[in-house]
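Written below as structure tokens is the structure these notes are about.
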Amino acid sequence: MARKPSSFIDPVPGPFVAIDFETADHYADSACAVGLIRVEDGRITRRVRQFIRPPRDVMVFTHIHGITLDYLEDKPDFGQAWPVLASIFDGASFIAAHNAGFDRGVLNACCESAGLAPPDIPWVCTVRQARNALGIYPANLANVCRVMGIKL
């Protein structure tokens, strides 16, 4: 039985960044889109949505995210997009992601491929938080949002 959602939404010390990547293929360095929000004092203070030209001309996951290679043709590669993306992490106390292992792997691989250092900030996995703090199973995003009363 899931616990009350209010036990999950405690005040967060300092600003944090939530991140979600979409990838073009099975390789971690194939980011084709990223969404980030910065939260300070419980309010969203900045949003970034960036499409990224992946390093290979292969789109395996278009059926999931709808992003096509033609659409990405004139978009920046990860290294070119990084200055805009990097600034959102400044002063953040942690990075949150639903299935953080995936998003952290993509960020690290993309940074490595571009010769950049990823942010040295702790990560929080909202899948683990949903399971451990709230007992929500399955902990996919749609179900967690349903239990917490969040509209997707």
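Values quoted throughout were computed directly from the atomic coordinates according to the rules given, and no laboratory measurement underlies them. Quick caveat: nothing in here was measured; it's all calculated off a predicted structure. Quick reminder, even Gly has a Cβ in these numbers, built from the backbone with ideal geometry, and neighbours come from all protein chains shown.
Points worth noting:
- Most fluctuating residue given options Ser30, Ser113, Ser87, as computed from a GNM of the chain linking Cα atoms under 10 Å: Ser87
- Tilt relative to the chain, helix 78-87 - C-alpha long axis, 0 to 90 degrees, to 10: 40
- Percentage of interatomic Cα-Cα distances in region 13-124 larger than 20 Å: 36
- The ranking of His26, His98 by Cβ neighbour count inside 10 Å, starting from the fewest, reads His26, His98.
- Under-5 Å amide H pairs with Arg46, H placed in peptide plane, nonlocal only: Arg38
- Region 66-131: equivalent-ellipsoid semi-axes (sqrt of 5 x gyration tensor eigenvalues, Cα, Å): 23, 17, 10
- For region 13-124, the antiparallel share of DSSP beta bridges with both residues in that region comes to about 75%.
- Within the shell of other residues whose beta carbon sits under 13 angstrom from the beta carbon of Ile121, the net charge comes to -1, with Lys and Arg scored +1 and Asp and Glu -1.
- Cβ-placed point charges (K, R +1; D, E -1), dipole of the chain about Cα centre in debye, nearest 20: 840
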